[in-house]
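This report concerns only the one structure given below.
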Amino acid sequence: MIIQKTREEIELMRESALIVSKTLGMIASEIKEGVTTLYLDKLAEEFIRDHGAVPSFLGLYDFPNSLCMSPNAQVVHGIPNNVPLKNGDVISVDCGAFKNGYHGDHAYSFEIGEVAPEVKKLLRITKESLYVGIREFKAGNRVEDVGNAIQKYTEAHGYGVVRELVGHGVGQKMHEEPEMPNYGKRGRGKLFVEGMVVAIEPMINMGTRNIKQLKDGWTILTADGKPSAHFEHDVALVDGKPELLSTFQYIYKALGIESNEEDEFRQVPLVL
């Protein structure tokens, strides 16, 4: 069952989402060659708690940390460790925060130092596909309209769209209905309804769409060892249109990037 949120609930969810956004912005200032993912995970937990929230992922389904940190060929659900990041790495950082009874949940893939051009392109196309998908999250459309748009955009560049892992509804629980696959056929799936909130999150591989799982029970890898990219936003359906609750602007501020990519998805301008 899809759980529709009131405007008041959506604003509470925006607060949780923006705590995640600020956490990822803080990570953007700290993530670099020689830093370990376990160090970044500890920083994130402290930051989330300092903002009156608790880490959503810590203990969720017995996950041991506050961040999922997945470098290079890891798709998602990587467990933070003491291995230093290297020049040329890319890494998906997925974060969640729980405040006022609601979760925020989104992700960004970072570049470490000088990244190969073909990997830069993978990240760029994957992030662009996120917004291509968000544009389809509107009144009258259905779940697979989003997935179809993401699939077409990324497969046109020869990339593999992961099938086994999907986006999802989000609210008082981290994972609510509906599931939001990154592939599909137009006109299929549940109808979007006013007040629903979803996490849309393309997980796109440079090569095969096939994946495998490590023995740790969490880490998902590409089957061919090629890099993967992952970007995620929380989006509400407000007045029949997609309204972003999360933002990458804290990341961009830390990295000195100027972007207006989110403007079309905000009825009220974002104030950092």
- Query: Given Cα pairs under 8 Å that are at least 6 residues apart, what percent is the relative contact order of region 1-135?
  - Reply: 26 percent
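If the chain between GLU30 and HIS175 were fully stretched, how many nm would it gain, using 0.36 nm times the residue separation less the Cα-Cα distance? Each step should come with its number before you reach the end.
Numbers: separation 145, 0.36 × 145 = 52.20 nm, distance 2.88 nm.
The GLU30-HIS175 span can extend by a further 49.3 nm.
Normalised by the number of residues in region 127-272, what is the relative contact order in percent for Cα pairs under 8 Å and 6+ residues apart?
Numbers: 305 pairs, mean separation 33.1, N = 146.
Averaging sequence separation for qualifying contacts and normalising by length gives 23 percent for region 127-272.
Need one number for region 1-108: average projected area of the convex hull over its C-alpha atoms, nm².
Values: hull surface 29.4 nm².
Projected area, direction-averaged: 7.4 nm².
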- Taking all protein chains as present, what is the carbon and sulfur share of the accessible area of region 117-210, in % to the nearest whole number, probe 1.4 Å? 49 percent
- Once Rh is set to the Kirkwood radius over Cα pairs, what Stokes-Einstein translational diffusion coefficient, in µm²/s, holds for region 135-209 at a temperature of 4 °C and a viscosity of 1.567 mPa s? 104 µm²/s
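Does region 133-173 come out rounded, prolate or oblate, given a ≥ b ≥ c as the square roots of the eigenvalues of its C-alpha gyration tensor, rounded meaning a/c under 1.5 and, failing that, prolate meaning a/b above b/c?
Numbers: a/c = 2.96, a/b = 1.40, b/c = 2.11.
It comes out oblate by the Cα gyration axes.
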- Query: Taking θ as phi - 60°, what are the ³J(HN,Hα) couplings along region 76-90 by the Karplus curve (6.51, -1.76, 1.60), each to the nearest whole Hz, with x for Gly and Pro?
  - Reply: 8, 6, x, 8, x, 8, 9, 7, x, 5, 10, 4, x, 5, 10
- Item | Simple spin-label estimate for ASN100 and LEU191 in nanometres, 7 Å along Cα-Cβ | 3.1 nm
- Ranked from highest to lowest mean number of other Cβ atoms within 10 Å per residue, what is the order of the peptides 203-212, 59-68? 203-212, 59-68
- Item | Ellipticity estimate at 222 nm from DSSP helix runs (n ≥ 4, -39,500 (n - 2.57)) divided over the chain, nearest 500 | -9000 deg cm²/dmol
- So for region 57-203, using the alpha carbon gyration tensor with a ≥ b ≥ c as root eigenvalues (a/c under 1.5 gives rounded; past that, a/b versus b/c decides prolate or oblate), I'd call it oblate
- Using amide H atoms built 1.01 Å from N in the peptide plane, name the residues 5+ places from THR36, or on other chains, whose amide H lies under 5 Å from its own. LEU85
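If you stretched the chain out fully between GLN4 and LYS86, how much longer would it get, using 0.36 nm times the residue separation minus the C-alpha to C-alpha distance?
Details: separation 82, 0.36 × 82 = 29.52 nm, distance 4.33 nm.
Fully extending the segment from GLN4 to LYS86 adds 25.2 nm.
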- Charge dipole magnitude, Cβ of K and R +1, D and E -1 - the chain, Cα centre, debye nearest 20: 600 debye
- Query: Going by average Cβ neighbours within 10 Å, how do the peptides 84-96, 172-184 rank, with the highest at the top?
  - Reply: 84-96, 172-184
- Between HIS157 and LEU270, what length comes free when the chain is fully extended (0.36 nm per residue of separation minus the Cα-Cα distance, one decimal in nm)? 37.5 nm
- Could you pull the Rg and Dmax for region 119-272, using just the Cα atoms, both in Å? 15.5, 45
- Task: Return the inverse of the average 1/r over all pairs of distinct C-alpha atoms in the chain, which is the Kirkwood hydrodynamic radius, in Å to one decimal.
- Result: 18.3 Å
- Query: In region 183-272, which GluC sites (Glu not before Pro) fall in coil by DSSP and have 10 or fewer other Cβ atoms within 10 Å?
  - Reply: GLU258
- Query: For the residue pair LYS121 and SER259, what label-to-label distance in nm results when each label sits 7 Å from Cα along the Cα-to-beta-carbon direction?
  - Reply: 2.0 nm
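Output the pairs from LYS42/LYS86; LYS22/LYS185; LYS152/LYS226 with a Cα-Cα distance over 24 Å in this structure; if there are none, say none. Walk me through the intermediate numbers first.
Details: LYS42/LYS86 19 Å; LYS22/LYS185 35 Å; LYS152/LYS226 20 Å.
From LYS42/LYS86; LYS22/LYS185; LYS152/LYS226, over 24 Å: LYS22/LYS185.
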- Message: Under 8 Å for C-alpha pairs, at least 6 residues apart: give me the relative contact order for the chain, rounded to a whole percent.
- Response: 23 percent
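Could you state the accessible area per residue of region 79-221 in Å², with a 1.4 Å probe and every protein chain left in place? Walk me through the numbers before you get to the answer.
Values: 5830 Å² over 143 residues.
Per-residue value: 41 Å².
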- Which percent of the accessible area of region 44-109 is formed by carbon and sulfur heavy atoms (probe 1.4 angstrom)? 51 percent
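The values are calculated or read from the model by the stated rules, or taken from the named source; none is laboratory data. In this text, all values refer to a predicted model and were calculated from it rather than measured experimentally. In this analysis, Cβ positions are derived from the backbone assuming ideal geometry, glycine residues included, and neighbour counts consider all displayed protein chains. Ligands, DNA and RNA are stripped out before the accessible areas are found, and what is left, the full protein with its side chains, is counted by its heavy atoms. Shrake-Rupley method; radii C 1.70, N 1.55, O 1.52, S 1.80 Å.
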